[in-house]
Every structure is written in structure tokens, then in C-alpha cells.
Amino acid sequence: MSTDEATVLQGRVAPALREEFPGLGFFYSIVPAQPGRTPSGVKKHLRYLSDRMHGRRALSLRREPIASAYRVFFRHIGLDPDEVRIPLEAAVVERLRAGGFKSEGLVEDAITIATVETGVAMRAFDAGRVQGGLGLRLAEPGERLGGKNGIELPDGTLVVADEQAPLGLIFGETAPDYAVSRQTERVAVCAVRVDGVPNISVEEAIWSCVSVLRAA
Amino acid sequence: MPELLQDHFSESESVLDARAGDATSALVRSALDTRVDEAAARRSLRGQIARLECELAALFTAAYPRRGLEWQVPSPGGPRVLDVGELEALRDDMAERVEDARRTLRDRAYVERKNRARIEALIADPARFRWVRISNEDIGEPGCKFWHSRPRLGLIGMLMGWWRVKISSGCP
């Protein structure tokens with residue numbers, strides 16, 4: 001691996017979860033980044049992706065292997081993928097609605113690029129606030145997302161967590177303390193792998209995201 | 001000798017009785033054993049849900065551009081590990097949705113076939129199908145094209161029986 005390539009770390013998946021979902025995996029990389037306005041090169045990349053993504057592709061998306069794997073996993077964990085869209089479909093629907101992938105800031109744009117190019121579900125957290133390694137586990141009784149005043153998580157909710165607290169739902173909300181902000185100096189770029197998604201796609205997604213953040 | 005035989009038979013019978021007893025008690029045990037390997041049941045149900053999701057996705061893609069079909073399957077809510085009952089309910093709902101979609105598509109395909117045949121008949125003899133208008137939507141195709149049986153030269157054509165099929169050029 002060259003020095004330009006990101007170190008992809010494998011996050012811990014709680015044994016109870018691994019037993020239920022043998023294909024479930026969590027991978028992440030920590031990269032220095034300065035969130036803020038998106039450079040013109042990244043905006044150009046988004047425009048290029050917008051031109052490549054059209055209605056016909058959007059229509060057949062759910063038959064593509066990676067998108068299909070996430071849809072199936074959403075069903076398995078009690079989410080309706082037509083209501084809570086998988087990250088790739090959410091990006092594509094937004095592209096069709098807005099007429100293009102709109103720039104929303106460097107980190108968000110890097111996540112969008114990686115998600116659209118690979119189909120892998122990506123997340124970003126403020127690495128400066130993370131305590132120890134990241135991973136997936138089930139929420140414990142009475143646990144809250146976002147500290148004492150946060151949302152109470154139902155027992156057994158699937159969460160991304162560090163060694164101290166849950167950082168966010170596996171797909172969806174992020175605890176405000178761990179969200180990327182203008183004060184963030186290091187970003188934890190994370191990918192959730194499910195059964196049917198090859199490791200190489202997950203690594204490609206993380207590298208793609210990290211390379212956008214580094215190039216900025 | 002008869003005593004020896006008697007001993008032998010009684011020994012065999014007791015062995016057979018013991019074996020039959022083992023088999024019976026095993027049967028009784030299995031009949032009373034209501035514990036189910038729930039993890040295996042969940043795995044199996046997840047496999048079925050995955051297959052149904054793929055079928056639903058294939059039907060969704062094949063249905064385009066037809067509208068008005070219902071694709072949504074209610075979810076039990078998450079993200080969490082669903083129990084056997086919830087997975088079964090989800091599997092049943094998905095199976096029902098797949099069956100509904102298949103039936104609707106089959107019915108529509110029948111109507112579309114009929115409409116295609118009607119277009120051929122319309123073109124062959126426009127006067128027999130006065131004012132009939134068949135659109136792309138009626139034959140399950142995308143676009144705004146339509147076939148319309150109209151009189152040539154308006155009122156005069158109508159009075160003279162000069163009918164023709166006008167094919168629209170597509171969406172405006």
C-alpha cells in the first residue's frame with residue numbers, strides 16, 4: 001500500500017450481531033480534513049456523476065447487486081427501503097429531484113461521490129470526539145443517542161458506537177456531538193458492509209472518499 | 001436344550017423391548033420437545049425475504065412504465081434484530097405483495113395484448129373503429145404516441161365515410 005492510500009481499519013461487530021448477520025462488517029479510516037466549502041474540482045466530479053446518472057439507471061438500481069444487498073438488509077432489520085431509502089437510492093432520488101448532485105460541503109460531497117460510484121453505504125463522524133475503536137453493536141437498555149438529553153434508543157437498536165457511547169444509528173441519524181462540523185479536524189469515514197457486498201467495493205468506497213478529502 | 005432356547009428368546013425379547021422402549025421414548029421426547037432452533041428459523045426466513053425482495057425488484061423494473069401499482073411493504077420498524085414472528089409477518093406481506101403485483105401485471109399484459117391487436121385492426125379498417133384512440137400507455141409502452149381513427153377533411157370525411165388513422169408524433 002502506498003502512503004497515499006488510506007489505512008482501512010476493521011471495526012468490531014458485536015458477537016450477537018455477527019451471529020445473526022454473518023456478512024455484516026464495519027470498516028473505517030481516519031483522515032485529516034477541513035470541512036467547509038467544496039473545491040471546484042470536487043464540484044466538477046459531482047457534475048460528471050450527475051451526467052452519468054439518469055432515470056433509466058435509477059429505475060434498474062434495485063436490481064444491481066450491491067443496491068439489492070442493502071435493500072435486503074434493510075428488510076432484515078425492519079426498515080422499509082421504499083420509505084427509509086438505502087444511501088445510494090437516496091442520493092439518486094435526490095439527483096433526479098434536484099436535477100443534479102448538489103454540493104453540500106466537502107465531507108458530504110466526498111460521501112456522495114463514494115456512495116454513487118460504489119453503491120456502498122458510507123457515514124462520516126468527527127474522529128476527534130471518538131473514544132477508541134468504532135464498531136457495530138446493539139443498543140443497551142436505556143441508552144440514548146446524543147447524551148442524557150438525546151433520543152432514547154429502543155433496546156436492541158443497531159448502532160455505530162465507539163468504546164463509550166453510540167455515535168449514530170447504523171443507517172440514519174448521527175448523535176449531534178459526533179457529527180462533522182466546521183471545528184472537525186479529523187474525519188472518521190465509515191462503511192457498513194452487508195451480505196452480498198464484496199470487500200473490494202467497501203475498500204474502494206473508503207479510498208474514493210479519502211482521496212476526495214485529501215485532494216481538497 | 002429347550003431351557004437354553006427359552007433363555008435365548010426371553011433375552012432377545014427383553015433386548016427388543018428395551019430398543020422399542022428407547023425408540024418410543026425418543027418419539028415421545030421429540031413430540032414433547034417444543035423448543036425450536038429460533039436462530040435457524042430466522043436464517044431461513046431471512047433467506048425467503050431476500051428472494052422475495054429480488055422478485056419484487058424484478059417486477060418493479062418490468063412494470064415500467066405502468067403506473068398505479070403498489071410496491072410498498074409495511075415494515076415492523078427498526079433498525080433492530082427482528083424475531084421469528086416479525087420475520088414471518090414480513091415474509092407473508094412481501095409474498096402477498098409479489099403475488100398482487102404479478103396478478104396485476106398479468107391482467108394488464110392481457111389488456112395490452114388486446115389493445116395491440118386492436119391497433120392492427122384499426123389501421124386495417126379505420127372506418128370500423130370510428131373515433132377510437134389508443135395510446136402508448138394502453139399498450140404498456142413509454143411515451144405519448146397514440147393511434148386515432150379520425151375522418152379525413154373533418155365533417156365532409158365523416159359524411160362521406162373517409163376514415164383514416166392518425167398517428168401522433170409523440171410527446172409535445
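Per-structure values
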{"quantity": "Enumeration of residues in the range B:68-122 that are touching a residue at least 12 places away in the same chain (Cβ under 8 Å), basic (Lys, Arg) and either within 14 Å of chain A (Cβ to nearest Cβ) or touching a strand residue (DSSP E or B) at 6+ places or on another chain (Cβ under 8 Å) (or both)", "calculated": "B:ARG91, B:ARG97, B:ARG118"}
{"quantity": "Matching residues, the range B:118-137, being under 29 Å from the mean Cα position of the chain (by Cα) and open to solvent by 60 Å² or more (accessible area, probe 1.4 Å)", "calculated": "B:ARG118, B:GLU137"}
{"quantity": "Matching entry among B:GLY143, B:GLY161, B:GLY170 (being of a type outside the set (Asp, Glu) and over 27 Å from B:PHE60 (Cα atoms))", "calculated": "B:GLY161"}
{"quantity": "Subset tally (residues that are over 12 Å from the mean Cα position of the chain (by Cα) and of a type in the set (A, V, I, L, M)) for the range A:188-216", "calculated": "8"}
{"quantity": "Residue that is nearest to the other protein chains (Cβ to nearest Cβ), among those in the range A:124-142 that are open to solvent by less than 30 Å² (accessible area, probe 1.4 Å) and not hydrophobic (A, V, I, L, M, F, W, C)", "calculated": "A:GLY135"}
{"quantity": "Residue check, A:ARG71 outside any loop (DSSP other than H, G, I, E, B), at the interface with chain B (Cβ under 9 Å from one of its Cβ atoms) and either within 18 Å of the chain's Cα centre (by Cα) or touching a residue at least 60 places away in the same chain (Cβ under 8 Å) (or both)", "calculated": "yes"}
{"quantity": "So A:VAL42, is it in contact (Cβ under 8 Å) with a residue 12 or more places away in the chain, within 12 Å of chain B (Cβ to nearest Cβ) and either assigned to a helix (DSSP H, G or I) or over 23 Å from A:GLU204 (Cβ atoms) (or both)", "calculated": "no"}
{"quantity": "Complete set of residues in the range A:12-56 that are open to solvent by 10 Å² or more (accessible area, probe 1.4 Å), farther than 16 Å from A:ILE111 by Cβ and among the small types (Gly, Ala, Ser)", "calculated": "A:ALA14, A:ALA16, A:GLY23, A:SER40, A:GLY41, A:GLY55"}
{"quantity": "Single condition B:GLU96 does not satisfy, out of (1) over 30 Å from A:GLU140 (Cα atoms); (2) not in a helix (DSSP H, G or I)", "calculated": "(2)"}
{"quantity": "Where A:ALA16 falls short, out of the listed (1) over 17 Å from the mean Cα position of the chain (by Cα); (2) modelled with pLDDT of 95 or more; (3) within 12 Å of another protein chain (Cβ to nearest Cβ)", "calculated": "(2)"}
{"quantity": "A:ALA205 among the aliphatic types (A, V, I, L, M), touching a residue at least 40 places away in the same chain (Cβ under 8 Å), more than 21 Å from A:ARG75 (Cβ to Cβ) and open to solvent by less than 70 Å² (accessible area, probe 1.4 Å)", "calculated": "yes"}
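The values are calculated or read from the model by the stated rules, or taken from the named source; none is laboratory data. The model shown is predicted, which means the values in this text are computed figures rather than measured ones. Neighbour counts are summed over all protein chains in view; Cβ atoms, including those assigned to glycine, are modelled from backbone coordinates with ideal geometry. The area values use the complete protein model at the heavy-atom level, side chains included, leaving out ligands, DNA and RNA. Shrake-Rupley method; radii C 1.70, N 1.55, O 1.52, S 1.80 Å.
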